[in-house]
Amino acid sequence: MSDVGFVIAAYGVILGGLGLYAATLLRRLRVAREASLRIRREAEAAPPPDRPA
Amino acid sequence: MRVRLLGIIGLAGVAAATGFGLFVVPADLNQGDAQRIMYPHVASAWLAYGSFGTTALAGIGYLWKRDLRLDAIAVAGAEIGVIFTAFAIWGGMMWGRPVWGVFWQWEDPRLTTTALLLALYVGYLLFRRLTDDPARRAARAAVVGIVAAIDIPIVHFSVEWWRGLHQGPTIGSPDKVLNPSAPAQFVIALVGMVAAFTLVWLYLMIRRYQLARIEWQIEEHGRLGRISAARRAASVSTVGPAEEGLR
């Protein structure tokens, strides 16, 4: 492999990896936000807990 | 919105620094085009140090203040540090093969201690999965993060302390910053890439921190739900079915 091949491999993996990690992180964040919102809505909709007599 | 803007500026910066490093800066007289790999390699390595340093400092802060937000910063630093360390190792390997003739050499202290750094923080991330209790996990992880950070100065000074394939620092001391041995264009390309990567790093740190906070809230909700279900089950078994029927 020529020097240029190593340069392409280095930049490709580093920049591609950075983009892939950023995209995965944003997806994880979106899923977590949706789950958090769902939990909050369920908690608001749930009946109040039974109080002891 | 500001965080998104930071991400866009970082992305544009990386694109500009890549274009400058690949197409504007001339090839090195001795190393040829392989020299261009140095820009993302060095930037990744410095940010790996920064990430793990952040994890260690946040760990010290957590042990002192017992604030789970500091634990969120610590985990963000560790995860992003692992990513940047992997990039630094990959870039170094791609540079090493055409310049040194080998991808890797275990006898080289810089390479070996960097591989150890990667293993330590992958271990840190796995270690965090051992316990469900956020406070206990944060305290234990803080200790592991601080102990693992001992390897950071060892990695950095390994090229001065021991002999190996890896060259000494091009810009490491104040004198070398003011009078770098590399040509000005090379230094501009390196500093530009470090600056652009730093913006992206900051953006990723903020996003990973936000994720850690939300994950903690979801986890806490699940934990409280399990505790309340266990309490309900315990009270039903104590009251008994007959008494329950009289109510």
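Of note:
- Hey, residue B:92 under 23 Å from residue B:33 (Cβ atoms) and under 18 Å from the mean Cα position of the chain (by Cα) or not: yes
- Residue, nearest to residue B:6 (Cα to Cα), within segment B:198-224, restricted to residues that are of a type in the set (D, E, K, R) and facing chain A (nearest Cβ under 7 Å): B:207
- Residue in segment B:58-73 that is of a type outside the set (A, V, I, L, M) and within 14 Å of another protein chain (Cβ to nearest Cβ) present: no
- Wholly enclosed helices (runs of 4 or more DSSP H) of segment B:82-162 bearing at least 3 residues modelled with pLDDT of 95 or more: B:109-127, B:134-148
- Across segment B:174-182, a minimum of one residue is classified as part of a loop (DSSP other than H, G, I, E, B) and either closer than 27 Å to residue A:20 by Cβ or touching a helix residue (DSSP H, G or I) at 6+ places or on another chain (Cβ under 8 Å) (or both).
The values are calculated or read from the model by the stated rules, or taken from the named source; none is laboratory data. Computed from a predicted structure; not experimentally measured. With ideal geometry, Cβ positions are generated from the backbone for all residues, glycine too; neighbour counts draw on all protein chains shown.
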